[in-house]
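The values are calculated or read from the model by the stated rules, or taken from the named source; none is laboratory data. Here the structure is a predicted model, which is why all the values come from computation and not from measurement. Ideal geometry is used to build each Cβ from the backbone, glycine not excepted, and the neighbour counts take in all protein chains shown.
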Amino acid sequence: MSKGTKRFLITFAILSFAIGIVLAVVQGKGPPRRTESVAPVVGKEPAATTREAPVAAPAIAPLPPTPTAKLSARPATIAVETTKSLGSLDPAVDRFEIEFSPASAGINRIVFSEFWMEAADREAAARHAAAVASGASTIPPMPAASGRYELSPVGTLARFTVPMLAAHSIEVDGQLVSLFGRVWSEQSAGQFETVIADEAGATVLRVRRLFAVRPNTGAGYDIALTQTIENLSSSPHTVRIVQYGPSDLVHGAGDMMDIRRLQFGYLMNERRDPGQASVITHDAVLARAAVVKSVTAGIFDVWPTEEQKEQDQRLSWFGTTNRYFSIAVHAPMSAGTSATPSKSLAPAVEFIRAALGDPSATDPSGAPTIYTELHSPQRTVAAGQSVDFSMSVYAGPLDRAILIHDQPYRALEMAGLIVYSMGGCCSWCTFAWLANLMVIFLDFIHDYLVFDWGLAIIMLVLVVRLLLHPISKKSQVQMQLVTRGLSEMKPELEALKTRYKDDPKRMQQEQMRLYKEKGVNPVGCLGGFLPTFLQMPIWMALYAVLYLAFELRQQPAFFGVFQLFGGWGFLGDLSAQDRFIPLPTSINLYLFTFSSINLLPLLMGAVFYVQQKYMAPPPSTKMTEEQEQQQKMMRIMTVVMFPVMLYAAPSGLTLYIMTSTLVGIWESKRVRAHIAATAGQPVVTKKSKTRDAIGRLYARAMERAQEKKQSSKKFKDRS
């Protein structure tokens with residue numbers, strides 16, 4: 001096997017391995033992980049079609065034994081069998097409708113009034129609303145109710161479905177009493193009540209949970225959760241309430257990566273922040289995989305950690321996120337106002353623990369559902385008095401316009417829920433700071449200049465190319481000149497090799513002298529790759545923006561012109577595949593799900609082919625047939641690799657890369673025209689201290705290598 005063939009096979013293997021790693025990161029694939037599910041700790045619930053059971057909370061350190069009789073929960077009046085919904089699906093009135101669970105006073109579903117699962121449903125709803133508002137004679141039908149986006153329980157725990165924010169248990173004088181099951185009565189929509197009784201049937205405590213939605217205002221995605229415990233006995237009791245907190249949200253079927261996270265906002269202690277004014281979100285993000293690993297290892301606490309305990313940090317808010325939405329608990333809002341009297345959630349939540357459910361059949365990695373438990377601080381409630389464990393819940397989109405500008409989210413720094421990062425081993429290379437700037441810049445272009453996201457992306461290409469044009473032009477001219485100069489110097493270089501074939505050190509010195517005389521830097525060709533390297537951070541940040549920015553969710557390109565043709569889905573959602581020709585059935589190809597013929601990745605491959613075939617610089621010397629075959633294979637791999645990697649990527653990213661490549665081809669043509677105009681002139685490059693320094697380093701490195709080679713040869717001769 002020849003050396004050239006070996007080099008090609010090694011290069012091919014390395015590229016294949018690298019492509020495999022990139023695809024694995026982008027697609028979020030991986031082998032299933034084994035985890036243990038946690039068994040329920042309370043008694044069996046009455047038989048039902050859908051079983052619901054509490055998470056088995058890690059053992060709570062009991063208080064010293066007390067003479068309290070055995071306690072149990074029971075409905076205050078009549079056990080609720082069916083619940084009333086809260087809110088509505090009219091976007092002019094409410095942001096969502098809440099459906100409650102008969103067991104545990106939890107939430108079965110939060111159905112949004114203005115968000116839809118697919119871009120086609122969103123467009124159909126917009127056409128219906130426009131026709132109704134204009135009084136048109138023909139009103140297009142509304143899409144099916146099942147097309148609305150909703151937040152609902154994900155996965156199961158020991159084969160039980162667990163409602164969101166459900167009551168888990170109450171600890172009374174060290175005794176744990178289950179609040180899960182048919183132990184609640186419903187007073188009105190969103191208002192639930194249960195009582196704790198002793199063995200004799202005497203009531204000891206009354207527990208109330210009241211859910212209330214805000215009007216359709218800036219805080220319209222907020223749910224007020226009022227929780228009180230009233231002492232009905234004649235003696236004081238120490239109580240603690242345990243409830244389910246924000247847990248895993250749904251991982252969309254079309255999502256390429258699982259970027260679900262657990263996130264926190266916290267306050268420093270009074271010594272460092274006397275006014276408790278600044279909510280910190282830095283380094284307060286837990287990747288889902290890290291939580292699964294910790295719980296599997298028996299580490300259940302997610303807040304506070306030992307370091308947070310030492311620094312006496314106070315919880316302000318805690319939430320879980322998926323690609324576009326979040327559910328988060330935070331410090332309660334004042335009644336009738338959006339102001340937040342306190343930024344601390346500590347009166348309602350002392351610590352948070354996590355538990356693992358069953359392996360999910362819908363999760364591509366087979367990872368179990370993560371459940372969280374909110375444990376309140378222990379409070380003593382006097383006879384005839386009540387204690388309050390109230391909080392507020394944000395259930396809505398990761399929308400900068402809401403979380404940055406609206407209260408109380410602005411005061412609580414809840415914009416920290418928005419993280420433009422692809423997660424995993426690629427977190428460091430996403431350049432989140434650049435992604436934040438890019439979102440702001442894209443917003444500006446869209447809102448004030450072009451009013452279309454597709455055109456905004458193209459405008460971004462032009463701005464980036466314009467900023468990089470001086471560097472790009474200089475590097476390409478330099479690369480072309482160096483290539484031409486090396487070609488012109490070939491006879492002289494060959495003569496030097498013949499003349500000094502027995503004195504390699506002198507030959508290297510003469511070569512460097514010749515390079516200096518001709519004004520050619522042999523390492524100057526490396527500058528041609530600089531524009532590509534400079535654009536790589538932009539591509540990575542733009543990928544995160546187009547994949548995660550809520551502003552671009554279900555936004556069409558070019559004013560939705562393609563959707564005018566019978567609702568054609570082509571480029572109807574820049575955050576998803578372009579769906580040029582939808583397929584009747586999806587095919588799982590492991591790397592991605594082949595659900596449509598996408599045009600932009602194919603066009604991008606064609607553009608790459610044109611760029612390589614017609615715009616690549618000519619070789620400086622005549623290559624062997626084997627070397628030509630190697631270059632041909634590398635070009636083919638590049639043309640095929642990028643369309644495959646980006647086939648299921650957001651169409652906005654593919655649009656950016658394809659447009660940038662087309663602009664690059666135009667730039668290369670201008671550079672070639674400049675080179676052609678100077679073809680009759682001698683090759684002279686301007687002196688550059690940096691380039692001269694690199695040349696000197698190159699020469700010294702060659703001298704050191706030659707000296708080492710000579711020393712090694714002399715040592716062998718002596719031995």
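Can we say ARG95 is under 25 Å from the mean Cα position of the chain (by Cα), of a type in the set (D, E, K, R), within 30 Å of ALA367 (Cβ to Cβ) and at pLDDT 90 or above?
On the way: under 25 Å from the mean Cα position of the chain (by Cα): yes; of a type in the set (D, E, K, R): yes; within 30 Å of ALA367 (Cβ to Cβ): no; at pLDDT 90 or above: yes.
Against the criterion (under 25 Å from the mean Cα position of the chain (by Cα), of a type in the set (D, E, K, R), within 30 Å of ALA367 (Cβ to Cβ) and at pLDDT 90 or above), ARG95 does not qualify.
Report, by residue number, each residue of the stretch 370-423 that is in contact with a Pro (Cβ under 7 Å, 6 or more places away or on another chain) and surrounded by 19 or more Cβ atoms within 10 Å (Cβ to Cβ).
THR372, VAL381, MET391, SER392
Write out, first by first residue and then by second, each pair whose Cβ atoms fall under 6 Å of each other, whose residues are 6+ apart or on separate chains, and whose first residue, in the stretch 268-293, is not assigned by TED's automatic domain parsing to the domain that holds TRP317 while the second is assigned to a helix (DSSP H, G or I).
Pairs found: none.
Does the stretch 136-178 hold any residues that are basic (Lys, Arg), surrounded by fewer than 18 Cβ atoms within 10 Å (Cβ to Cβ) and modelled with pLDDT of 85 or more, and which are they?
Answer for the stretch 136-178, where residues must be basic (Lys, Arg), surrounded by fewer than 18 Cβ atoms within 10 Å (Cβ to Cβ) and modelled with pLDDT of 85 or more: there is none.
Taking the stretch 281-298 on its own, how many of its residues are part of a loop (DSSP other than H, G, I, E, B) and under 25 Å from the mean Cα position of the chain (by Cα)?
4
Please give the number of the condition VAL183 fails out of (1) within 24 Å of THR320 (Cβ to Cβ); (2) surrounded by 19 or more Cβ atoms within 10 Å (Cβ to Cβ).
Among (1) within 24 Å of THR320 (Cβ to Cβ); (2) surrounded by 19 or more Cβ atoms within 10 Å (Cβ to Cβ), VAL183 violates only (1).
Within the stretch 452-501, how many residues turn out to be free of Cβ contacts under 8 Å to residues at least 60 places away in the same chain and closer than 30 Å to LEU571 by Cβ?
Looking only at that region, the number is 5.
Could you tell me how many of the residues in the stretch 394-423 are in a loop (DSSP other than H, G, I, E, B) and not aromatic (Phe, Trp, Tyr)?
So the answer is 16.
Any residue in the stretch 581-590 that is under 27 Å from the mean Cα position of the chain (by Cα), of a type in the set (Val, Ile, Thr) and at pLDDT 90 or above?
Of the residues in the stretch 581-590, the ones under 27 Å from the mean Cα position of the chain (by Cα) are 582, 586-590.
Still in the running and of a type in the set (Val, Ile, Thr): 587.
If we keep only those that are at pLDDT 90 or above as well, we get none.
Checking the stretch 581-590: not a single residue is under 27 Å from the mean Cα position of the chain (by Cα), of a type in the set (Val, Ile, Thr) and at pLDDT 90 or above.
Given the criteria assigned to a strand (DSSP E or B) and not charged (D, E, K, R), does PHE192 qualify?
Yes.
Please tell me if ASP121 is of a type in the set (Asp, Glu), farther than 26 Å from GLU193 by Cα and either surrounded by 19 or more Cβ atoms within 10 Å (Cβ to Cβ) or without any contact (Cβ under 8 Å) to a residue 12 or more places away in the chain (or both). Quick ask: steps written out before the conclusion?
On the way: of a type in the set (Asp, Glu): yes; farther than 26 Å from GLU193 by Cα: yes; either surrounded by 19 or more Cβ atoms within 10 Å (Cβ to Cβ) or without any contact (Cβ under 8 Å) to a residue 12 or more places away in the chain (or both): yes.
When the stated conditions are applied, ASP121 passes them.
Is it fair to say ILE223 is out of contact with any Gly (no Cβ under 8 Å at 6 or more places or on another chain), closer than 26 Å to LEU176 by Cα and surrounded by 20 or more Cβ atoms within 10 Å (Cβ to Cβ)?
Working: out of contact with any Gly (no Cβ under 8 Å at 6 or more places or on another chain): yes; closer than 26 Å to LEU176 by Cα: no; surrounded by 20 or more Cβ atoms within 10 Å (Cβ to Cβ): yes.
Against the criterion (out of contact with any Gly (no Cβ under 8 Å at 6 or more places or on another chain), closer than 26 Å to LEU176 by Cα and surrounded by 20 or more Cβ atoms within 10 Å (Cβ to Cβ)), ILE223 does not qualify.
Hey, any hits in the stretch 303-310 for a residue that's closer than 30 Å to ASP173 by Cα, in a strand (DSSP E or B) and modelled with pLDDT of 90 or more?
Yes, the stretch 303-310 contains at least one residue that is closer than 30 Å to ASP173 by Cα, in a strand (DSSP E or B) and modelled with pLDDT of 90 or more.
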